[in-house]
Amino acid sequence: MGKAERDKGARGERMLKEVLNENGLDVRRGFTYHHESDLIGLTGIHIECKFVERLNLRKAMGQAEEEAEKRKDGLPVVFWKTSRKPWLVTMRLEDWILLYKLARRATKNE
């Protein structure tokens, strides 16, 4: 990976961090050389951040799954964006169902 790609990736991580922080979620950029995720702070979620014009989603999800398993830091989720388009989030259906059930249970208990 070249410097321009690394810089764009880092810019994407900073952009996503800003969006999540503005929405009350306390995240910071991880130190990948210390075996941390792209962004850390969402308990139970392993964030793989991609800021590219063309994304091989299966490959990105595979990377997220592999790193989440290795780091034991949560459900693998790919947050991705292209220029001038909104952020998208991709995760496995089984994980989405789990999160939905947890959210529904929390709402019922309020």
The lone condition LEU16 fails out of (1) in contact (Cβ under 8 Å) with a residue 40 or more places away in the chain; (2) out of contact with any strand residue (DSSP E or B) (no Cβ under 7 Å at 6 or more places or on another chain) is (2)
Result of the Cβ filter at 8 Å on the stretch 97-110, keeping first residues that are modelled with pLDDT under 90 and partners that are among the charged types (D, E, K, R) and not in a helix (DSSP H, G or I), at least 6 apart or interchain, is none
When restricted to GLU5, GLU53, GLU65, the only residue within 12 Å of the chain's Cα centre (by Cα) and acidic (Asp, Glu) is GLU65
Among the residues of the stretch 68-79, is there at least one that is in contact with a strand residue (DSSP E or B) (Cβ under 8 Å, 6 or more places away or on another chain), under 20 Å from ASP7 (Cα atoms) and of a type outside the set (Ser, Thr, Tyr)? yes
In the stretch 45-65, anything among the acidic types (Asp, Glu) and at pLDDT below 95 is listed as GLU48, GLU53
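Would you mind finding the one in PHE79, PHE51, PHE31 that is without any contact (Cβ under 8 Å) to a residue 12 or more places away in the chain and of a type in the set (Phe, Trp, Tyr)?
Just one listed residue meets the conditions, PHE31.
The values are calculated or read from the model by the stated rules, or taken from the named source; none is laboratory data. All values derive from a computational prediction rather than experimental measurement. When we count neighbours, we look across all protein chains shown, and the Cβ atoms used for this are built from the backbone with ideal geometry, even at glycine.
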